[in-house]
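Just so you know, all these numbers are worked out from the coordinates, no wet-lab data involved. Because the structure is predicted, anything quoted here is derived from the model rather than measured. Neighbour counts are summed over all protein chains in view; Cβ atoms, including those assigned to glycine, are modelled from backbone coordinates with ideal geometry.
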Amino acid sequence: MKEGIHPEYHAIKVVMTDGSSFETRSTYGKEGDVLQLDVDPKTHPAWTGGGGHINENASQVAKFNKRFGGFKMVGGAPKAAAAKVVVEKPKAEAPAKKKEKKAEE
């Protein structure tokens, strides 16, 4: 290993949001520092499965309609099933083909 290019790896104390703690090794801080967590797997909804609600308000719906209002729905929009979205694009003209001249022998 090259000297002087690697960070110092030392023991620190990690304190969870519920007050429990454990000791681990890290490059964080200095030897004996305490890392106080704001979010951890015991309390965050991503790990606990709680707090899963959708916050829809009028401005989000208006923003969506402004952005995607020009799309046409194909086959209607059934309540329980997703509908296909079709975007009509103007047809671009195909580039003119060059006529190849046959070499006469």
**Q.** DSSP bridge orientation in segment 1-40 - percent antiparallel, rounded to nearest 5
**A.** 65
Q: Just rank Thr48, Thr43, fewest to most, by other beta-carbon atoms within 10 angstrom.
A: Thr48, Thr43
Q.
Apply the Karplus curve 6.51 cos²θ - 1.76 cosθ + 1.60, θ = phi - 60°, to the phi angles in segment 38-46 and return the couplings in whole Hz, x for Gly and Pro.
A. 8, 10, 8, x, 6, 10, 7, x, 5
Q: Pull up all non-local amide H partners of Ser21: gap of 5 or more, or a different chain, and H-to-H distance under 5 Å with H placed in the peptide plane.
A: Met16
Q.
Using only the Cα atoms of segment 1-40, what are the Rg and Dmax in Å?
A. 12.3, 41
**Q.** Under 5 Å, built H, 5+ apart or other chain: amide partners of Leu35
**A.** Lys13, Val14, Val15
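Could you compute the FRET efficiency for Asp18 and Lys72, with r as their C-beta to C-beta distance and R0 at 41 Å, rounded to 0.05?
Rounded to the nearest 0.05, the efficiency is 0.20.
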